[in-house]
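**Q** Structure in structure tokens, see below.
The values are calculated or read from the model by the stated rules, or taken from the named source; none is laboratory data. Remember, it's a predicted structure, so these values are computed and weren't measured experimentally. No Cβ is skipped: glycine too gets one built from the backbone with ideal geometry, and neighbour counts run over all protein chains shown. The area values use the complete protein model at the heavy-atom level, side chains included, leaving out ligands, DNA and RNA. Shrake-Rupley method; radii C 1.70, N 1.55, O 1.52, S 1.80 Å.
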Amino acid sequence: MAREEFSIIRTGRAHPSMFNKVTVEYYGTPTPVNQLASFHVPEPRMVVIQPFDKTSLGAIERAIRNSDLGVNRRTTARSSGSCCRS
């Protein structure tokens, strides 16, 4: 339990676990975002989120925007993914 709580502490470095509490409304069911997409950390302050189902990108973006993470979102059309900077 404590490990989960410490994993969401913001340290200035991007980490996929910071999205563990984000749920997405996917086909009418609240689903954790880590079950809908893969996460890559190409730079210390950037997380690239690539959905498994490209039609869920809008729902994932809404869930991140409505969360209290405070990340800046940028969508890239060529990869059909979302990029977040912490």
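**Q** Only residues that are farther than 16 Å from Gln50 by Cβ and in a helix (DSSP H, G or I): list them for region 16-37, please.
**A** Ser17, Met18
**Q** Sticking with this structure for a sec: Of the conditions (1) within 10 Å of the chain's Cα centre (by Cα); (2) open to solvent by 40 Å² or more (accessible area, probe 1.4 Å); (3) among the β-branched types (Val, Ile, Thr); (4) modelled with pLDDT under 90, Val71 satisfies every one except a single condition; which number is it?
**A** Exception for Val71: condition (2).
**Q** Of the conditions (1) modelled with pLDDT of 90 or more; (2) over 9 Å from the mean Cα position of the chain (by Cα), Ala63 satisfies every one except a single condition; which number is it?
**A** Tallying (1) modelled with pLDDT of 90 or more; (2) over 9 Å from the mean Cα position of the chain (by Cα), Ala63 fails exactly one: (2).
**Q** OK, next. Any residue in region 41-52 that is within 15 Å of Asn72 (Cβ to Cβ) sitting within a Cβ distance under 9 Å of a residue that is of a type in the set (Gly, Ala, Ser) and at pLDDT 90 or above? List the pairs, counting only those 6 or more apart or interchain.
**A** Matching pairs, first to second residue: Val48/Ser38; Ile49/Ala37; Ile49/Ser38.
**Q** Ok, one more. Do we find that Arg13 is modelled with pLDDT under 85, surrounded by 10 or more Cβ atoms within 10 Å (Cβ to Cβ) and assigned to a loop (DSSP other than H, G, I, E, B) in this structure? Quick ask: steps written out before the conclusion?
**A** Details: modelled with pLDDT under 85: yes; surrounded by 10 or more Cβ atoms within 10 Å (Cβ to Cβ): yes; assigned to a loop (DSSP other than H, G, I, E, B): yes.
Criteria met by Arg13.
**Q** For region 41-62, how many residues are surrounded by fewer than 15 Cβ atoms within 10 Å (Cβ to Cβ) and not in a helix (DSSP H, G or I)? Explain how you work it out, then say what you get.
**A** Let us first name the residues in region 41-62 that are surrounded by fewer than 15 Cβ atoms within 10 Å (Cβ to Cβ), namely 41-45, 52-55, 58, 62.
This time we only want the ones that are not in a helix (DSSP H, G or I), so: 41-45, 52-53.
Selection size over region 41-62: 7.
**Q** Output the number of residues of region 27-58 satisfying the condition of being more than 18 Å from His15 (Cβ to Cβ) and over 11 Å from the mean Cα position of the chain (by Cα).
**A** Of the residues in region 27-58, 11 are more than 18 Å from His15 (Cβ to Cβ) and over 11 Å from the mean Cα position of the chain (by Cα).
**Q** Filter region 18-33 down to residues that are of a type in the set (D, E, K, R) and either modelled with pLDDT under 90 or in contact with a Leu (Cβ under 9 Å, 6 or more places away or on another chain) (or both), then give me how many there are.
**A** Of the residues in region 18-33, 1 are of a type in the set (D, E, K, R) and either modelled with pLDDT under 90 or in contact with a Leu (Cβ under 9 Å, 6 or more places away or on another chain) (or both).
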